[in-house]
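What follows draws every value from the coordinates through simple rules; no lab data is involved. Fair warning: this is a prediction, and the values are worked out from it, not measured in the lab. Positions of Cβ are generated from backbone atoms using ideal geometry, with glycine treated the same way; all protein chains shown enter the neighbour counts.
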Amino acid sequence: MILFILQPYPSHYYPTFGLAHELMKNGEKVIFTTTPNLNKIIQNEGFENYEFQYLSEYIVRNSKVFFGLFLKNLTSKDYLLQRKNEFENAFNNVKELISKYKPSHVYIDQSLAEYFFYFKPYVPNITIVHTKIYSRKTNGIPPMNSIYVPKGNLFSQLKIDGLWLNHLLKQRLRELVLKIAFLGKDEIYFWKKHCKKNGMNWKKEIDLKHSLNRGVKNVENLVFAPKKLEFFAFKKPKNVQFYDKISIKNESSDLSKSYKELKRKYFIEKKFNIVYMAFGTLAQGPKVVDFFNNTISTIEKLPKTILIISRGNYPMNLLNPKNVFIFNYLPQQDVLLYTDLFITHGGLGSVKEAFYHEVPMLVAPINKFIDQNGNAARIKANGYGDRIDIDNYSMEELISKITTLLSNKNKNSILK
């Protein structure tokens, strides 16, 4: 039996479905841990789900949050007991899960890498999975949230070393802030006690040289992305493998009547340039609306070009000229079969799908604190498209990049 322990967000589940279906075809039973709101996503793919008790995550975004936590820990002994019980209950939940299913292999999300210490005493095979680009510090490669493109010279290496130093110092500072807020008894305190009690050494096994989250040393890693997306300077560590197959999710619910009519009218005979724009769940907020409208204004003026937008469920006051078609949701992989240019926020799922279908990309990262900047840098460095700064661009730049990517017609050059 195979068990997937993933961060409970759709964007973390979708990349793993391809592997999970392969395992099922080979006769394995596959279980995904979920929260109640995500059960349907797993069940629609034909997998079994197990509602799991994830540990609470604490993020101190400002001084108000810090002082709130600090005072709560200072004045309430019950709060420490409550957090201790939550940690122990989560471990008991893991033991119940293991007792029920007896997994032979567990795949744990890199953003939940500490859960390795829950499963290590009981499961023979554990793999850390990356639903974003590979996150560990690697020689010559900047942190995943950096827009910097390696140049392969001494100055570039010094620049990258500086980026990593700054990145890791900020991580340690965030950990220190939490430690102070919890009066020394933060989540690391509970993990250290757990490891000591169960014959493991936290200090020797935890890996602090990862972007965004901690990792685990000397364990197999599986990255759900094509290795060809990485920078040329990337040298694959021995314990890292890449899963470069696309995960095909069920898109039947997005095959609306209006989409089928659009496809019949514009896609089949291919008399138009087709630009597709989608920002996933991040398609919201004033700067996104402005960017969408500026893109609409650009496409409106281009001959024999249509723009198809997937905007999600968020209300947007968008321009709507005759050559622009706006949907809440679209079957993205079907659209990409006919697309000449994909304008995306740069989430790895969308990037992989465009890469698989050989579609050039213009990437406008929205969340610059995770991997979108790094994805955009890799796309530009490898010649798969270009990037634009959604917080600092001109109409002239936007027009130039869209027209250049369309005129290059470089779709067939991708993956070559």
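Tabulated values for the structure
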| quantity | calculated |
| --- | --- |
| Charge dipole magnitude, Cβ of K and R +1, D and E -1 - the stretch 47-179, Cα centre, debye nearest 20 | 520 debye |
| Theoretical ellipticity at 222 nm over the chain - DSSP helices of four or more residues, -39500 (n - 2.57) apiece, nearest 500 | -12000 deg cm²/dmol |
| Under-5 Å amide H pairs with residue 358, H placed in peptide plane, nonlocal only | none |
| Cβ-placed point charges (K, R +1; D, E -1), dipole of the chain about Cα centre in debye, nearest 20 | 860 debye |
| Proximal aspartates and glutamates relative to residue 159, as straight alpha-carbon distance under 20 Å, when same-chain residues fewer than 8 apart are discounted | 230, 371 |
| Placed amide H near residue 225: partners under 5 Å, 5+ positions off or other chain | 243 |
| Candidate lysines for bridging to residue 265, where Cα separation is under 26 Å - those fewer than 8 sequence places away on the same chain excluded | 249, 257, 301, 304, 322, 409, 411 |
| Label-to-label distance, nm, for residues given as residue 369 and residue 261 (7 Å Cα→Cβ offset) | 4.3 nm |
| Cα-centre dipole for the stretch 147-290 with unit charges at Cβ (Lys and Arg positive, Asp and Glu negative), debye to 20 | 320 debye |
| With Cα atoms, 0 to 90° folded angle of helix 187-197 axis to the chain main axis | 50 degrees |
| Dimensions (Å) - the stretch 253-413, Cα atoms, principal axes, largest first | 38, 36, 32 |
| Charge tally in the Cβ shell below 13 Å around residue 318, where Lys, Arg are +1 and Asp, Glu are -1, residue 318 excluded | -1 |
| FRET efficiency for residue 209 and residue 24, using Cβ-Cβ distance with R0 set to 45 Å, rounded to 0.05 | 0.85 |
| Footprinting exposure proxy for 12, 105 (fewest neighbouring C-beta atoms within 10 Å first) | 105, 12 |
| Computed over the stretch 2-242, the ratio Rg/Rh where both radii use C-alpha atoms and Rh is Kirkwood | 0.98 |
| The stretch 108-114 - phi-based ³J(HN,Hα) in whole Hz, Karplus 6.51/-1.76/1.60, Gly and Pro as x | 10, 4, 4, 6, 10, 4, 4 |
| Hz values of 3J(HN,Hα) by residue in the stretch 202-219 - Karplus curve (6.51, -1.76, 1.60), Gly and Pro given as x | 4, 4, 7, 9, 7, 10, 9, 9, 10, 5, 6, 10, 6, x, 10, 7, 6, 9 |
| Computed over the chain: relative contact order in percent, which uses C-alpha pairs under 8 Å that are six or more apart | 15 percent |
| For the stretch 192-276: relative contact order, % (alpha-carbon pairs under 8 angstrom, 6 or more apart) | 17 percent |
| Residue 56 paired with residue 333, simple spin-label distance in nm, labels 7 Å along Cα-to-beta-carbon | 3.9 nm |
| Tail beyond 27 Å, pair distance distribution of the chain (Cα, percent) | 57 percent |
| 11 Å beta-carbon shell around residue 138, net charge (K/R +1, D/E -1) | +4 |
| Antiparallel content of DSSP bridges confined to the stretch 2-242, in %, to 5 | 15 percent |
| Of 225, 359, 299, farthest towards positive along the dipole that unit charges on Lys, Arg, Asp, Glu beta carbons give the chain | 225 |
| Aspartates and glutamates whose Cα lies under 19 Å from that of residue 100, excluding same-chain neighbours fewer than 8 positions away | 28, 48, 51, 88 |
| Top positive-direction residue, dipole computed over the chain with Cβ charges, set 10, 129, 176 | 176 |
| Residue 284 long-range amide H proximity, modeled H, under 5 Å | none |
| Estimated FRET transfer efficiency when R0 is 25 angstrom, pair residue 105-residue 251 (beta carbons, to 0.05) | 0.30 |
| Top positive-direction residue, dipole computed over the chain with Cβ charges, set 101, 50, 400 | 101 |
